[in-house]
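Step one of this worksheet: look at the structure below.
The values are calculated or read from the model by the stated rules, or taken from the named source; none is laboratory data. None of the values given here were measured: they were computed from a predicted structure. Neighbour counts are summed over all protein chains in view; Cβ atoms, including those assigned to glycine, are modelled from backbone coordinates with ideal geometry.
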Amino acid sequence: MNTQETEPKNREGRNWLLLGAGLVVLLVVALLFIFGLNPWANSSELPSQLNSSTAETQQVLLPESGPPLQVGDLPYNFALSDLEGNQVALDQFIGRPVIVNYWATWCGPCRIEMPHLQNTFAARQDDGLAILALDQDETAEEVSGFFDEFGLTFTPLLDEGNTTSENYGVGRILPTTFFINAAGEISAIHRGPMTQSQIDGYLAETIPAS
């Protein structure tokens, strides 16, 4: 075999391999820049950047239905109309303490309890407290008249067909109230009318002391 002929061929093969490897490296670097990763960045910075991105995308996803709710569960999501026809969903309030109160204008115990809820809302709304009062299958006019009569300033919602109360297992027990903390977990459930001291006690478990 002529060694003078094979040596240039070997060099030529090595040159093609080096060229190919160089192109692969350039392609990888270009893809890293396209997807926002700097290959020359300090590697100690990358975990914090990734953790920050992951934290921003984390959110509480409420279930739609399931077994009877217990303290510590995530509540079932709902989207109901307010008195102006706007859709209000429970998951809009995740990150805030929420009271979900099931009631009706014809419910005598509800009429006794409502002023206590209004006092609570006035005292704790600066803590981010939201009260969603889910009326049981009545008209917007009936609910509006009731709210005007009692001077209520929290949020009434229309549970048409009692679909949400059935999902929550309320049955015929009005009022029934669910307390939800800022993490989206049920902190207390009360069936029947509440006194002001009972509401305050449930809120102590719902809103952490500052």
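Just checking, which of Leu132, Leu152, Leu117, Leu157 is in the same structural domain as Gln92 (by TED's automatic domain parsing), in a loop (DSSP other than H, G, I, E, B), within 21 Å of Asp82 (Cβ to Cβ) and in contact (Cβ under 8 Å) with a residue 24 or more places away in the chain? So the residue among Leu132, Leu152, Leu117, Leu157 that is in the same structural domain as Gln92 (by TED's automatic domain parsing), in a loop (DSSP other than H, G, I, E, B), within 21 Å of Asp82 (Cβ to Cβ) and in contact (Cβ under 8 Å) with a residue 24 or more places away in the chain is Leu152.
In the set Thr163, Thr153, which member is closer than 22 Å to Leu62 by Cβ and surrounded by fewer than 13 Cβ atoms within 10 Å (Cβ to Cβ)? Quick ask: steps written out before the conclusion?
On the way: Thr153 fails: closer than 22 Å to Leu62 by Cβ.
Only one candidate qualifies: Thr163.
Gln125 meets the conditions (1) over 23 Å from Gly201 (Cβ atoms); (2) surrounded by fewer than 20 Cβ atoms within 10 Å (Cβ to Cβ); (3) not basic (Lys, Arg) in every case but one. The failed one is (1). I'd like to check something: does region 191-209 contain any residue that is under 25 Å from Glu84 (Cβ atoms) and of a type in the set (D, E, K, R)? Taking every residue of region 191-209 in turn, none turns out to be under 25 Å from Glu84 (Cβ atoms) and of a type in the set (D, E, K, R). Ser65 meets the conditions (1) hydroxyl-bearing (Ser, Thr, Tyr); (2) surrounded by 12 or more Cβ atoms within 10 Å (Cβ to Cβ); (3) out of contact with any strand residue (DSSP E or B) (no Cβ under 9 Å at 6 or more places or on another chain) in every case but one. The failed one is (2).
Taken across region 194-209, residues that are in contact with a strand residue (DSSP E or B) (Cβ under 6 Å, 6 or more places away or on another chain) and aliphatic (A, V, I, L, M) do not occur at all. Applying the condition of being part of a loop (DSSP other than H, G, I, E, B) and of a type in the set (D, E, K, R) to region 167-210 and asking which residue is surrounded by the most Cβ atoms within 10 Å (Cβ to Cβ) yields Glu185.
Note on region 68-91: residues that are surrounded by 14 or more Cβ atoms within 10 Å (Cβ to Cβ) and of a type in the set (S, T, N, Q) amount to 2. Filtered by the rule that a residue be hydroxyl-bearing (Ser, Thr, Tyr) and either crowded, with 19+ Cβ neighbours inside 10 Å or not assigned by TED's automatic domain parsing to the domain that holds Gln136 (or both), region 94-114 gives a lone residue, Tyr102.
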